[in-house]
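Worksheet: one structure, shown below.
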Amino acid sequence: MSKIQQKINIENRRAGFDYSFIEKYVAGLVLTGTEIKSIRQGKAALVDSYCYFSKGELWIKNMHIAEYTEGTHYNHEPNRERKLLLNHSEMVKLQKKLKDQGLTIVPIRLFTSESGYAKLEIALAKGKKQFDKREDIKKRDVEREMKRKF
């Protein structure tokens, strides 16, 4: 079996600006054939997507995977809800922590593993307030200035 050489790394940069991450997890995705082909071409977006629990299963909503250009009538729907695969213990842990007020699960990054499977890095996160965002911008600017001096 040949290894897939092309590495895909699609990030949700907005999530780091809007949320502070508490814990990170790596989850598998249940995809169709045309979806994985489109992801390998790098045609996916995580902007405005989020994860939720339904009937004990973890799902991702609003993750956009563009239709595969050479797909036939079997092509997928770009914004459909997709099931995430985690260990049972991780799912129970996440469900318990989600009951805390103000916590949510956001996707951070979509990538392919060494064996070619699509994986999604998700984080248990708490929303930042406006003053928290300003603090982060100040810290970033100070670090940038320090790097310039040295």
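Could you grab me the full set of residues in the range 56-83 that are part of a loop (DSSP other than H, G, I, E, B), acidic (Asp, Glu) and either under 16 Å from the mean Cα position of the chain (by Cα) or within 19 Å of Glu121 (Cβ to Cβ) (or both)? Listed by number, the list holds a single entry, Glu81. Of all residues in the range 46-55, those being surrounded by fewer than 16 Cβ atoms within 10 Å (Cβ to Cβ) and either of a type in the set (D, E, K, R) or within 14 Å of the chain's Cα centre (by Cα) (or both) number 4.
Checking each residue of the range 114-133 against the condition of being closer than 22 Å to Ser20 by Cβ, surrounded by 15 or more Cβ atoms within 10 Å (Cβ to Cβ), modelled with pLDDT of 90 or more and touching an Asp or Glu at 6+ places or on another chain (Cβ under 7 Å) gives at least one match.
Screening the range 96-139 for residues that are of a type in the set (Ser, Thr, Tyr) and in a strand (DSSP E or B) and picking the one that is farthest from Glu81 (Cα to Cα) gives Thr112.
Among the residues of the range 16-55, the one identified as small (Gly, Ala, Ser), assigned to a loop (DSSP other than H, G, I, E, B) and at pLDDT below 90 is Gly42.
Taking the range 111-140 as the range and being acidic (Asp, Glu) and closer than 27 Å to Ile8 by Cβ as the test, the residues that pass are Glu114, Glu121.
Which ones in the range 84-95 are in contact (Cβ under 8 Å) with a residue 60 or more places away in the chain and assigned to a helix (DSSP H, G or I)? Scanning the range 84-95 gives Glu90, Leu94.
The values are calculated or read from the model by the stated rules, or taken from the named source; none is laboratory data. As the structure is a prediction and not an experimental result, all values here were calculated from the model. FYI the Cβ positions are ideal-geometry reconstructions off the backbone, even for glycines, and counts take in every protein chain you see.
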